[in-house]
Amino acid sequence: MLLLNEKLSLKIYIILFNLYSKSIQLDYKWPESNIQLTPCHSTYTITSGNYILNYDSKVTGNYQNDCTFLIESPPGTKMQLNATISILKIQDNKECTDWLKFYDFYSNTTFVPLGEYCESTNLTNLLTFSNIMYLVINISPDDMFQLNITT
């Protein structure tokens with residue numbers, strides 16, 4: 001008989017398998033690899049090195065909808081994240097309409113929030129707990145996001 005946690009864990013695995021069946025292997029190219037994040041709901045598997053991941057909603061055609069990515073580095077590694085987030089739309093203090101959310105997929109069962117950003121900022125030296133990161137992006141076509149990952 002499955003316990004509640006086991007059922008929830010099983011549902012998470014099934015959902016992630018269905019959402020992230022588009023898996024892309026990225027090989028490091030010296031001195032860095034520059035990649036456009038597309039299509040939405042993809043998995044990127046990276047090796048050791050420095051990666052620059054760009055997101056442009058005009059390229060994905062995904063305006064004001066959640067666009068998610070699962071980024072996985074080699075087992076046993078962590079990722080150091082630096083990001084440039086340019087959100088041009090002035091946010092209402094009560095609610096973020098354009099935003100990015102970073103999660104660590106800790107222990108393959110739990111999303112641990114690393115940060116949520118709804119204004120322009122430079123993010124530096126954010127370290128993941130594990131080798132899997134989940135990224136949710138919901139920004140307008142005028143906004144820009146660039147993520148630098150070092151493994």
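A few remarks follow.
- Solvent-accessible area per residue, Å², over segment 37-150 with all protein chains present [probe radius 1.4 Å]: 46
- Given +1 at the Cβ of Lys and Arg, -1 at the Cβ of Asp and Glu and no other charges, the dipole of segment 37-150 around its Cα centre is 260 debye to the nearest 20.
- Val59 paired with Thr110, simple spin-label distance in nm, labels 7 Å along Cα-to-beta-carbon: 3.4
- Loop-resident trypsin sites (Lys or Arg not before Pro) (DSSP state other than H, G, I, E or B) in segment 62-151 with no more than 11 further Cβ atoms inside 10 Å of their Cβ: Lys94.
The values are calculated or read from the model by the stated rules, or taken from the named source; none is laboratory data. Computed from a prediction, not measured in an experiment: that's the story for all the values here. In this analysis, Cβ positions are derived from the backbone assuming ideal geometry, glycine residues included, and neighbour counts consider all displayed protein chains. In case anyone asks, the SASA skips ligands and DNA or RNA and just uses the protein heavy atoms, side chains included. Shrake-Rupley method; radii C 1.70, N 1.55, O 1.52, S 1.80 Å.
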